[in-house]
Amino acid sequence: MQQLTLTTELDAINLMLAGIGESPVNTVDDNGVVDAVLARMQLRATMRRVQERGWHWNTDPGLVLPRTFPEGFVNVPPNTLKVDPTGPDKGLDIAQRGTRLYDRRKHTYSFEQSLTVNLISLLPFDEMPEAGRQFVALSSARKFQEDRVGSSESSAFNRRDELIAWSSLCDAEAETGGYNVFADSASVAGVLDR
């Protein structure tokens, strides 16, 4: 009996290829099949777009980023999608520039202390939860089909599946994120502080 596994990047690419009537591939590596290469590019663009929003599974709240010595730079990981100061540093006006943080008020990359931030990371496909994988795969497949073939009938079916996957992703987020309407919740407290 074959063991079932989570959706893989290869599964997602083959779903996208099937949506345009192409044969599946055996690897995600560049194998010379143009449609497979384009499908992988679309999949990764969709992953960035979906993850940039920030989910329970790709957000590190209250992460302390150390400063370098002697320059005082505060670096972020190369897969950082968004960074926002929080806690004692909430009032700072910082911007991510490349892999360093920039103080917009003081016009410098140099900081006097480590910074506490909420950091949203771009995770590889295989580190996303299954609900995220399903939504990214179906959203990518719809967009890929629309760009390559343009069938409005197929697009309608794909949109329905994508909407169901979006609903599942939002349900999973609500269940695992621990969100509630009480002020002891970090997400609600953030809204109330506004």
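Checking the conditions here, which among Gln113, Gln96 is open to solvent by 40 Å² or more (accessible area, probe 1.4 Å), in contact (Cβ under 8 Å) with a residue 12 or more places away in the chain, out of contact with any Pro (no Cβ under 6 Å at 6 or more places or on another chain) and assigned to a strand (DSSP E or B)? The match here is Gln96. Does at least one position in the range 44-60 carry a residue that is open to solvent by 20 Å² or more (accessible area, probe 1.4 Å), within 30 Å of Ser167 (Cα to Cα), in contact (Cβ under 8 Å) with a residue 40 or more places away in the chain and among the hydroxyl-bearing types (Ser, Thr, Tyr)? Checking the range 44-60: at least one residue is open to solvent by 20 Å² or more (accessible area, probe 1.4 Å), within 30 Å of Ser167 (Cα to Cα), in contact (Cβ under 8 Å) with a residue 40 or more places away in the chain and among the hydroxyl-bearing types (Ser, Thr, Tyr).
Of the residues screened, Gly132 is one that is modelled with pLDDT of 95 or more, more than 30 Å from Phe73 (Cβ to Cβ) and within 21 Å of the chain's Cα centre (by Cα).
Take the conditions in a strand (DSSP E or B) and hydrophobic (A, V, I, L, M, F, W, C) and apply them to Val28. Does it pass? Criteria not met by Val28. Scanning the range 162-194 for residues that are open to solvent by 30 Å² or more (accessible area, probe 1.4 Å), under 18 Å from Asn118 (Cα atoms), modelled with pLDDT of 55 or more and part of a loop (DSSP other than H, G, I, E, B) turns up Gly178, Tyr179, Asp184. Count of the range 69-78 residues, restricted to those that are open to solvent by 50 Å² or more (accessible area, probe 1.4 Å), farther than 20 Å from Gly54 by Cα and in contact (Cβ under 8 Å) with a residue 24 or more places away in the chain, is 2.
If you check Ser152 against the conditions, is it polar (S, T, N, Q) and within 17 Å of the chain's Cα centre (by Cα)?
Criteria not met by Ser152.
Condition check for Leu81 on (1) under 29 Å from Arg44 (Cβ atoms); (2) open to solvent by 60 Å² or more (accessible area, probe 1.4 Å): one failure, at (2).
Output the residues belonging to the range 54-76 that are modelled with pLDDT under 95, of a type outside the set (A, V, I, L, M, F, W, C) and out of contact with any Ser or Thr (no Cβ under 8 Å at 6 or more places or on another chain). Thr68, Pro70 - these are the residues of the range 54-76 that are modelled with pLDDT under 95, of a type outside the set (A, V, I, L, M, F, W, C) and out of contact with any Ser or Thr (no Cβ under 8 Å at 6 or more places or on another chain).
What do you reckon, is Asn158 among the polar types (S, T, N, Q) and either in contact with a Cys (Cβ under 6 Å, 6 or more places away or on another chain) or not in a helix (DSSP H, G or I) (or both)? Even if it seems obvious, please write down each step before you answer.
Details: among the polar types (S, T, N, Q): yes; either in contact with a Cys (Cβ under 6 Å, 6 or more places away or on another chain) or not in a helix (DSSP H, G or I) (or both): no.
It is false that Asn158 is among the polar types (S, T, N, Q) and either in contact with a Cys (Cβ under 6 Å, 6 or more places away or on another chain) or not in a helix (DSSP H, G or I) (or both).
Ser23 meets the conditions (1) more than 24 Å from Leu81 (Cβ to Cβ); (2) touching a residue at least 12 places away in the same chain (Cβ under 8 Å) in every case but one. The failed one is (2).
For the residues Leu4, Leu63, Leu101, Leu38, the requirement of being surrounded by fewer than 18 Cβ atoms within 10 Å (Cβ to Cβ), out of contact with any Asp or Glu (no Cβ under 6 Å at 6 or more places or on another chain), among the aliphatic types (A, V, I, L, M) and in a strand (DSSP E or B) singles out Leu63.
The values are calculated or read from the model by the stated rules, or taken from the named source; none is laboratory data. Here the structure is a predicted model, which is why all the values come from computation and not from measurement. Positions of Cβ are generated from backbone atoms using ideal geometry, with glycine treated the same way; all protein chains shown enter the neighbour counts. Side chains included, ligands, DNA and RNA excluded: accessible areas come from the protein's heavy atoms. Shrake-Rupley method; radii C 1.70, N 1.55, O 1.52, S 1.80 Å.
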